[in-house]
1. So residue A:57 fits all but one of (1) within 10 Å of another protein chain (Cβ to nearest Cβ); (2) polar (S, T, N, Q); (3) surrounded by fewer than 13 Cβ atoms within 10 Å (Cβ to Cβ); what number is the exception?
2. Filter region A:30-49 for residues that are facing chain B (nearest Cβ under 10 Å) and farther than 16 Å from residue A:106 by Cα and give the result.
3. Taking region A:1-10 only, how many residues are surrounded by fewer than 18 Cβ atoms within 10 Å (Cβ to Cβ) and part of a strand (DSSP E or B)?
4. Of all residues in region A:33-88, count the ones that are under 13 Å from the mean Cα position of the chain (by Cα) and of a type in the set (Gly, Ala, Ser).
5. Hey, does region B:55-70 have a residue that's touching a Phe, Trp or Tyr at 6+ places or on another chain (Cβ under 7 Å) and not aliphatic (A, V, I, L, M)?
6. Please indicate, with yes or no, whether at least one residue in region A:92-113 is crowded, with 18+ Cβ neighbours inside 10 Å, more than 10 Å from the chain's Cα centre (by Cα) and more than 10 Å from chain B (Cβ to nearest Cβ).
7. Based on this model, can you work out whether residue B:49 counts as in contact (Cβ under 8 Å) with a residue 60 or more places away in the chain, within 14 Å of another protein chain (Cβ to nearest Cβ), surrounded by 17 or more Cβ atoms within 10 Å (Cβ to Cβ) and part of a strand (DSSP E or B)?
8. Please give the number of the condition residue B:85 fails out of (1) surrounded by 18 or more Cβ atoms within 10 Å (Cβ to Cβ); (2) in a helix (DSSP H, G or I); (3) not basic (Lys, Arg).
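Nothing in this text is a laboratory measurement; each read-out follows from the coordinates by a stated rule. Just so it is clear, the model here is predicted, and its values are computed rather than measured. Note that we place each Cβ from the backbone using ideal geometry, even for glycine, and neighbour counts take in every protein chain shown.
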Amino acid sequence: DTAVSQTPKYLVTQMGNDKSIKCEQNLGHDTMYWYKQDSKKFLKIMFSYNNKELIINETVPNRFSPKSPDKAHLNLHINSLELGDSAVYFCASSREYRDREGGYTFGSGTRLTVV
Amino acid sequence: AQTVTQSQPEMSVQEAETVTLSCTYDTSESDYYLFWYKQPPSRQMILVIRQEAYKQQNATENRFSVNFQKAAKSFSLKISDSQLGDAAMYFCAYRSAYGGATNKLIFGTGTLLAVQP
């Protein structure tokens with residue numbers, strides 16, 4: 001199936017741990033993103049990569065480090081997890097420049113709970 | 001910077017009735033896309049409908065249609081013949097048509113829609 005897939009779907013971990021979330025898309029899109037959805041359901045962009053190049057970094061703490069080994073993959077590594085990092089993290093992809101669709105395809109989200 | 005505002009945190013509709021969700025946005029750009037996304041309890045983000053700013057005709061997808069008023073910067077979603085499966089959080093979103101650092105979806109705060117049987 002063509003899709004954006006991210007793993008794991010759920011992640012429960014203790015404060016201070018380091019964890020990673022993986023994302024892969026097979027849609028041939030140029031750009032991939034990480035979004036964070038907080039407890040009030042607000043969605044905000046964290047990062048975007050275009051063809052492995054970091055394009056957007058929206059004042060995210062340095063503990064968050066995205067890595068894009070190729071344009072089909074964008075992983076998110078989080079160091080020294082804090083309680084406030086608990087949220088749902090969405091990976092998404094899109095074409096870069098003007099196209100007829102304009103929309104994003106989202107993964108199913110990873111619910112991160114820090115205890 | 002662009003902003004998206006959804007002034008209705010919660011809405012309720014009877015099954016088979018029609019409901020309209022409001023969205024306004026602010027931008028100085030002339031070319032952009034607008035979207036409505038649905039997020040059911042499964043948390044999957046589902047694209048409901050899209051509108052390209054340079055198209056004057058309002059987009060329609062089956063029971064979903066929009067009222068796009070470019071001058072007023074308004075983009076409302078109308079759901080006709082509401083079904084129980086329409087119950088979800090609905091997000092209005094804006095995306096610049098240009099690339100680079102402007103290439104991001106900017107979301108409103110969402111409207112939680114309940115459908116009463």
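1. Here residue A:57 meets the rest and fails (3).
2. The one that is facing chain B (nearest Cβ under 10 Å) and farther than 16 Å from residue A:106 by Cα: A:40.
3. To start, the set of residues in region A:1-10 that are surrounded by fewer than 18 Cβ atoms within 10 Å (Cβ to Cβ) comprises A:1-3, A:5, A:7-10.
Remaining after also requiring part of a strand (DSSP E or B): A:5, A:7, A:10.
Total meeting the criteria: 3.
4. Counting residues in region A:33-88 that are under 13 Å from the mean Cα position of the chain (by Cα) and of a type in the set (Gly, Ala, Ser) gives 5.
5. Of region B:55-70, the ones touching a Phe, Trp or Tyr at 6+ places or on another chain (Cβ under 7 Å) are B:58, B:66, B:68.
With not aliphatic (A, V, I, L, M) added as a condition, the list becomes B:58, B:68.
Yes: one or more hits.
6. yes
7. Numbers: in contact (Cβ under 8 Å) with a residue 60 or more places away in the chain: no; within 14 Å of another protein chain (Cβ to nearest Cβ): yes; surrounded by 17 or more Cβ atoms within 10 Å (Cβ to Cβ): yes; part of a strand (DSSP E or B): yes.
In short, no.
8. The single condition residue B:85 does not satisfy is (1).
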